[in-house]
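Scroll down for the structure; my scribbles are underneath it.
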Amino acid sequence: MSGTRLYKNAINIGGALIFGLLLSIFITLFVNSLPSIRKYGFDFITSSIWDPVFEKFGAFPFILGTILTSFISLIISIPFSLSVSLFVAEYYENTFFSKIFETLVDLLAGIPSVIYGLWGFFYVTPIVRNIQIKFSVPPTGVSILAASLILSIMIIPYASSIAKEVIKLVPIDLKEAGYSLGATRYEIIKNVIFPYAKSGIFAGILLSLGRALGETMAVTMVIGNSIQLPKNIFQPGNTIASIIANEFTEAVGELHLSALIELGLILFLITLIINLFANFIIKKQELGI
Amino acid sequence: MKIFKDRLFKFFVIFFAFLTLLPLFSIIFMIFKNGISVVNLKFLISLPKPPGETGGGVLNGIIGTLLLVFFASLIAIPLGLLAGIFLYEYRDKKVGEVLTTFVDITQGIPSIVVGIISYLWIVKKMGHFSLISGSFALSLIFLPIIAKSTKETLKMIPIYIIEASLSLGISYPRTILKVVLPSSIGGILSGILLGISRISGETAPLLFTAFGNPFLNFNILKPVSSLPHLIFVYTLSPYDNWRKHAWGCSLILIIFVLMVSSFNKFLLKKWKIKF
């Protein structure tokens, strides 16, 4: 009987660990943000002055930078991720061709983000520089636009992997009923597949948004790391993740560190909500089928 | 018109789908093109030269990455297995459901936040950067991956296998240990390999934990360099030689990641659970 007890205890440690880990991560972030929360309150989110020397910390430029890069990259990536999932799950479903395609897109997800940063730094920023010259803005290359472009490539596999699964789940008889009424494939996709799979596709897009919000290295390397409020997407900026990466080791004062940890807390909470929401949709989808 | 729309749509799908592969090919091509001229035996076995000087290698980064991943595995694999078995045992109960969501959330924590946590828990207490704080940060990313893959694999073992073992008078824990776990070894190993390929490229959690070190270090209490960290530092450095080394590091790292994941695919095929 003692073996059973030992086993129970051991796996309960595993369970307690999951629970305790997440809880203590949250508490640690919260407690260490307190000095900054107490001092700046709500101004922390709305103020645009970030000055470690005079201990003024307003994170609005970085919050804006995070929102801009995430949403621009999301909008760019959607046609691509939808095309990829239609390509492998509808047009060429279960062919040798689609298997290779899936492997290649998975590979895109497997490339470390610092390598995206390296590639972006040498091969994407020059392209952005040319665009900047055309629009006659300072040709910095590194900019919010460059970061968004890199991000959009990085998040394609996340959205497409969920989307392709739900597209595969669309019942064949629904599609066949449509074809027998004389519908074209485009009409089937528009009127049968998309309505059926839309919540799953949406969940995938949410997951890729969560990924874009927290991405650090690739963004830090091409965004330009400016603490000024960006006036347009051609200017350098910073995201929440990139300002932490840039300043954390150099933070001298306790308040500076606390302000950076509060940014970490904000990032943690935003991604938590988005991931929970996406998970909820995916679970509901599974139950419905 | 109807047919035309259909054709046009198909054209767009194929066009965008192939356009997605363009960056992938560009990245792989550039890594090989720029990296191949840098990587040679000397590059692999020597330490970096001071900034501006030509020559030198990235041995510190290679050893650092191996050590970081090794110690991260040492922490994450046993605990992740326990957590995974817990999730499996309680899969139909409320607590199992809630904790599975907890694991999902933990997996979604941005890697830079994981770095902050390891900094606050270990670096701040010790007073300096260290290999072990880097490994701990990586293990926080590793653990949920193992827990989830273990649960999913165990779920695939049919209940009659367990019942057959129990009916022979073998105790439940022994059944799990000697019957269920061995038959799911393929899936569990695949989770481990997936985690290794994921954490070996992580940089953000190492910025303020393992930090970086131009010398060789095997001491877990001292800072250590890593390939991804070297790529980051070298890319943004003003020295031409270092920038070339960034490509060399990328080539080594990408070959390592590709090897681990193709080995994983091979294992998955070979040890697929089937009853």
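Counting Lys and Arg as +1 and Asp and Glu as -1 over every other residue whose Cβ lies under 12 Å from the Cβ of B:Ser262, the net charge comes to +1. Tell me whether chain B comes out rounded, prolate or oblate; compute the Cα gyration tensor, take square roots of the eigenvalues as a ≥ b ≥ c, and use a/c under 1.5 as the rounded threshold. Because a/c hits 1.5 or more and a/b fails to exceed b/c, chain B counts as oblate.
Roughly how far apart, in whole Å, are the Cα centres of region A:22-40 and region B:111-153? Here the two parts' Cα centres lie 18 Å apart.
With the cut-off at 1.5 for a/c, could you classify region A:2-288 from its C-alpha gyration tensor as rounded, prolate or oblate? Verdict is oblate for region A:2-288. So if each residue of separation counts as 0.36 nm, and I subtract the Cα-Cα distance between A:Glu250 and A:Leu34, what length gain in nm does that give? Taking 0.36 nm per residue and subtracting the Cα distance, the gain is 75.8 nm. Shielding by partners for peptide B:202-209, expressed as the average number of C-beta atoms from other protein chains within 10 Å of each residue's C-beta, is 5. As a rough footprinting exposure proxy, the listed residues A:Ile189, A:Ile127 were ranked by other beta carbons within 10 Å of their own, and the order from fewest upward is A:Ile127, A:Ile189. Each Cα pair under 8 Å and six or more residues apart adds its sequence gap; the mean of these over the residue count of chain B is a relative contact order of 27 percent. Here each label is just a point 7 Å from Cα along the line to Cβ, and for B:Ser171 and B:Phe18 those points are 6.4 nm apart. Can you give me the C-alpha center-to-center distance between region B:28-68 and region A:79-155, rounded to a whole angstrom? Distance between centres, Cα-based: 26 Å. Once C-alpha pairs closer than 8 Å and six or more residues apart are averaged by separation and normalised to the residue number of chain A, the relative contact order reads 27 percent. Remark: region B:150-158, residue by residue, has Karplus-estimated 3J(HN,Hα) of 5, 4, 4, 5, 4, 4, 7, 6, x Hz, where x stands for each Gly or Pro and the curve is 6.51 cos²θ - 1.76 cosθ + 1.60 at θ = phi - 60°.
Within chain A, the selection of entire DSSP H helices by a Cα span of 15 Å or greater along the long axis and an average Kyte-Doolittle value of at least 0.5 returns A:2-40, A:60-86, A:96-110, A:144-169, A:194-214, A:254-288. Cβ under 13 Å from A:Ser180's Cβ, A:Ser180 left aside: what net charge do those residues give with Lys, Arg +1 and Asp, Glu -1? Net charge around A:Ser180: -2. Helical runs (DSSP H, four residues minimum) scored at -39500 (n - 2.57) apiece and divided by the length of chain A put the mean residue ellipticity at 222 nm at -24500 deg cm²/dmol. In order along region B:5-21, the Karplus-derived 3J(HN,Hα) couplings, from 6.51 cos²θ - 1.76 cosθ + 1.60 at θ = phi - 60°, round to 4, 4, 4, 4, 4, 4, 4, 5, 4, 5, 4, 5, 4, 6, 4, 4, 6 Hz, and Gly and Pro are given as x. For chain A, modelled as a GNM with alpha-carbon contacts under 10 angstrom, which of A:Phe122, A:Phe277, A:Phe96 fluctuates the most? Judging by the Gaussian network model, the answer is A:Phe96.
Shape class of the protein assembly as shown from the Cα gyration tensor (axes a ≥ b ≥ c, square roots of the eigenvalues): rounded, since a/c falls below 1.5.
Mean-square fluctuations from a GNM of chain B, with a 10 angstrom spring cutoff on Cα atoms, peak among B:Asp104, B:Asp240, B:Asp92 at B:Asp92.
Taking a Cβ cut-off of under 15 Å around A:Tyr158, the surrounding Lys, Arg, Asp and Glu residues balance to a net charge of -2, with basic ones at +1 and acidic ones at -1. Ranked by the mean number of other Cβ atoms within 10 Å per residue, highest first, peptides B:255-264, B:220-229, B:66-75 order as B:220-229, B:66-75, B:255-264. The phi torsions of region B:30-43, fed into the Karplus equation with coefficients 6.51, -1.76 and 1.60 and a -60° offset, translate into couplings of 5, 4, 5, 4, 7, x, 4, 6, 8, 6, 8, 4, 5, 5 Hz, rounded to whole numbers, with Gly and Pro shown as x.
A Cβ-based charge dipole, computed about the Cα centre of the protein assembly as shown with Lys and Arg at +1 and Asp and Glu at -1, lands at about 980 debye. Taking 0.36 nm per residue of separation and subtracting the current Cα-Cα distance, fully stretching the chain between A:Leu174 and A:Ser2 would add 56.4 nm.
Values quoted throughout were computed directly from the atomic coordinates according to the rules given, and no laboratory measurement underlies them. Predicted model, so just to flag it, every value in this text is computed and none were measured. Virtual Cβ from ideal backbone geometry, glycine too; neighbours counted across all protein chains shown.
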